[in-house]
Amino acid sequence: MNKQPVLFTNKELGLLQSQLGTSSLMGKTISTRASQVDAFMNLPLEVPGHGEAGGYEHNRHKQNYRNMHLAGSLFLVTQDKKYAVFVIELLSLYADKYLTFDFHVQKNTNPTGRLFHQILNEHCWLFFSSLAYSCVANEMTSIQRDHIIEKLFDPMLDMFTNKYSHDFDRIHNHGIWAVAAVGICGVAIGKLDYLTKSVYGLDNNGTGGFLAQISKLFSPSGYYMEGPYYHRYAIHPTCLFAEVLHRHMPEVNIYAFKGGVIGRTVKALLATAYPNGKFPALNDASRTMGVTDAGVQVAVSVLCEHYECDANIIGIAEIQGEVWLQSCGLSLSEKYEEARQKNKIITPNWPSVELSEGANGDKGAIGFLRQQGVDEDISQLVMSYGQHGMGHGHFDTLGITFFNRGQEVLNEYGFARWVNVEPKFGGRYLAENVTYARQTIAHNIVTVDQKSQNDFNVKKADGVHGIPHFFCGNSDVCAGMSALANDHYDDVNMQRSVFLLNDACFDAPILIDFFRLKSDTDHRYDYSHQYTGQLLRTNFNYTSFVELEPLGHDNGYQHLWKRAAGKAPKSTLISWLQGNSYYSWHGTSSNDNDDVIFTVVGAADPSSNLRNDTGFTLRSEGGTTLFASVLETHGYFNEEFEQSTNARGQVSAINIIGHNDVGSVVEIQTEKKVFTLMVSNQAGVTENDEHQVEFMGVTYRWTGFYLLDLCTAEGE
């Protein structure tokens, strides 16, 4: 037998072999992968039986398929037969045992496999193991090949396409893994009818399969509705299977399909990342996942080979420090080396961008504003005003996160889950993911009447979306975005407008936030902020409670300890230290008699499943209400050298001049300057429309979505 590996040609292997022992990114990748696999191969071969999700057996199966995949590639590149022997022996052992395993007992809504507690993991196993098989098939005897196909691959393929056919054509990240695994295995074992099913669906009519997946899951902007965490998980099979189709079904022209959606979705994913390469934890997500993920490495290599490879892509490769062990990765490695020799490696600096959501780009959006400060540090502000995100969605339309100086300042909680930590419910999603992490109060947002948006009903939430108002990300002085959410609470329409203001009097761009709620009846509004750090000072007195009580009884409030509270002055100050930076928040509302509540997560949590994150809430009661706040980054602190500068910042107060259905006007005061920001509240306006409002006898006029007016102490 002389069968070509799924992802390599002889010419490509020769080029990869030339990288052995070099200091290039590809050379380092080969060396690192060989060390990892060599260490694993020193362990006895083992195919364990059933175990808990996240337990030993679960993780050993994952280690087995990952190392088989790498070993197969290493065999082709190094020509060291020990890697082929390892793959052949381990696959043969799986073939011996696979059909002796019964299906796992189902513990949630996900169907089970013979190896794993959910079929998704079995898709992953076949995905990587099929690639490994294709690399070493020529080293097997016909008896070995037949044994592995008949006792292992064929039963898996039948299970995925017949027993669990409903999951195969499901438009979901699980579906992408399913179709990619089946298609790759079909190519590897020469049963190309499975490749056809994977591309066009089980009924071969395009309603399912890979093309339907990437047509419906990714918006025209490339954004993936479940958020960056599941985007990076789906990007791995998406890009790798695209490369398989490029080679084995060229008539599909996959890299040009739907206007190049593969390239767009990779760029969209990268554009969501913070400057340090971590992804914001939007919806169900880990707070630590970033561009170094193996799937993102594959995606960046594919982007470089088939679309573009600009300075930002090279900068991502610098952060990753590795490339995909394949010819696409070699292209990236070579371009990186060219840039390195010319000393042109930069930290990725993506422009501000609004990424539309929905298959047709008409289901709202998510906005990313970026501003570079005087110290060249990049501040990033994210606001969600698109789709809910299906079963992994959080009830936080108009929620924001804020990042600067290498850290997230206004935090996303992410998911309530300890991935692969077996004592924590096998690493699966915890009950607190529903009772706290996905609830509105867990986010940087306004919660109405202590209830979550859309009554925490996924079906209702999936049926609505935010409405973009404006996105102006090109200004170096005051970049802004605004959106509305009118279908998320009964009797309450919401608008949020956020800005990054860059001025020489500030150490870094300041975050300005207008959150307007329109209602004909009175409500309780909780304007909440999730922060990390040491509280330093306030401009009001508060009572710290010795005996803690929960802030409420349900909708996430039952998990918040009310640790302190006080009456809010008209312009409220809360300042804290996080890392080496000071942060001062000044906030107000258009109502009187507001309260400030300090909280810590952890109430009603007998198993300590939740992190003890801190937050504060400005609580106000009324009908139509405007909250306005400014968050200033300032100063520097270094405990080691006992240094502290500018611990108090420049902003002294924030005042609401007025607001109505036409516009809102807010004033921000510093010692030497007064900034007045006027913002349009009317949906459907354009950048050329003129606006006029009158408050307290003063007329304010502007053209476009908003206007920043500046006065100095000298009256200029």
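Test Ala564 against the criterion of being over 27 Å from the mean Cα position of the chain (by Cα), open to solvent by 40 Å² or more (accessible area, probe 1.4 Å), within 30 Å of Ala431 (Cβ to Cβ) and among the small types (Gly, Ala, Ser), and give yes or no. Please lay out each step first, then the result.
Details: over 27 Å from the mean Cα position of the chain (by Cα): yes; open to solvent by 40 Å² or more (accessible area, probe 1.4 Å): no; within 30 Å of Ala431 (Cβ to Cβ): yes; among the small types (Gly, Ala, Ser): yes.
When the stated conditions are applied, Ala564 does not pass them.
Hey, can you tell me all the residues within the stretch 20-63 that are charged (D, E, K, R), part of a helix (DSSP H, G or I) and under 20 Å from Leu90 (Cα atoms)?
Step one: of the stretch 20-63, the residues charged (D, E, K, R) are 28, 33, 38, 46, 52, 57, 60, 62.
When the remaining residues are screened for being part of a helix (DSSP H, G or I), the result is 28, 33, 38, 57, 60, 62.
The answer is Arg33, Asp38, Glu57, Arg60, Lys62.
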- request: Give just the number: which of (1) open to solvent by 20 Å² or more (accessible area, probe 1.4 Å); (2) of a type outside the set (Phe, Trp, Tyr); (3) over 28 Å from Ser142 (Cβ atoms) does Ala53 not satisfy?
  value: (1)
- prompt: Restricting attention to the stretch 320-334, and to residues there that are surrounded by fewer than 24 Cβ atoms within 10 Å (Cβ to Cβ) and within 18 Å of Leu270 (Cα to Cα), which single residue is nearest to the chain's Cα centre (by Cα)?
  reply: Gln320
field: Count of residues meeting criterion [under 20 Å from the mean Cα position of the chain (by Cα) and in a helix (DSSP H, G or I)] in the stretch 456-476
entry: 3
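Quick one: is Glu337 more than 21 Å from the chain's Cα centre (by Cα), of a type in the set (D, E, K, R) and under 22 Å from Ser31 (Cα atoms)?
So Glu337 fits the description; yes.
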- prompt: Taking Ile171, is it of a type in the set (A, V, I, L, M, F, W, C), over 23 Å from Gly54 (Cβ atoms), modelled with pLDDT under 95 and surrounded by fewer than 20 Cβ atoms within 10 Å (Cβ to Cβ)?
  reply: yes
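Just to verify a result, which residue in the stretch 429-455, among those that are in a helix (DSSP H, G or I), of a type in the set (A, V, I, L, M, F, W, C) and within 21 Å of the chain's Cα centre (by Cα), is farthest from Thr617 (Cα to Cα)? Write out each step before concluding.
At the first step, the residues of the stretch 429-455 found to be in a helix (DSSP H, G or I) are 431-437, 440-442, 453-455.
Next cut, of a type in the set (A, V, I, L, M, F, W, C) only: 431, 434, 437, 441-442.
Going one step further and asking which of them are within 21 Å of the chain's Cα centre (by Cα), we end up with 434, 437, 441-442.
Values: Val434: 21, Ala437: 17, Ile441: 9, Ala442: 11 Å.
If we take residues in the stretch 429-455 being in a helix (DSSP H, G or I), of a type in the set (A, V, I, L, M, F, W, C) and within 21 Å of the chain's Cα centre (by Cα), then Val434 is farthest from Thr617 (Cα to Cα).
Among the candidates Glu632, Glu621, Glu667, which residue alone is touching a residue at least 60 places away in the same chain (Cβ under 8 Å), open to solvent by 20 Å² or more (accessible area, probe 1.4 Å) and part of a strand (DSSP E or B)? If you could, list the steps in order and put the result at the bottom.
Values: Glu632 fails: open to solvent by 20 Å² or more (accessible area, probe 1.4 Å); Glu667 fails: touching a residue at least 60 places away in the same chain (Cβ under 8 Å).
One residue alone meets the criteria, Glu621.
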- prompt: open to solvent by 20 Å² or more (accessible area, probe 1.4 Å), closer than 22 Å to Phe368 by Cβ and either within 27 Å of the chain's Cα centre (by Cα) or of a type in the set (A, V, I, L, M, F, W, C) (or both): does that describe Tyr223?
  reply: no
task: Report yes if some residue within the stretch 631-641 is under 19 Å from Tyr413 (Cβ atoms) and touching an Asp or Glu at 6+ places or on another chain (Cβ under 7 Å); otherwise report no.
output: no
- request: Kindly provide the set of residues from the stretch 188-209 that are closer than 24 Å to Ser142 by Cβ and open to solvent by 10 Å² or more (accessible area, probe 1.4 Å), ordered by number.
  value: Ile189, Gly190, Lys191, Leu192, Asp193, Tyr194
- prompt: Hey, Ser384 hits all of (1) within 30 Å of Pro509 (Cα to Cα); (2) in contact (Cβ under 8 Å) with a residue 60 or more places away in the chain; (3) open to solvent by 10 Å² or more (accessible area, probe 1.4 Å); (4) assigned to a loop (DSSP other than H, G, I, E, B) but one; which does it fall short on?
  reply: (4)
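The values are calculated or read from the model by the stated rules, or taken from the named source; none is laboratory data. From a predicted model like this one, the values you see are computed outputs, not experimental measurements. Note: ideal-geometry Cβ built from the backbone for every residue, glycine included; neighbour counts use all protein chains shown. When the accessible area is computed, the model is the full protein with side chains, heavy atoms only, and any ligands, DNA or RNA have been set aside. Shrake-Rupley method; radii C 1.70, N 1.55, O 1.52, S 1.80 Å.
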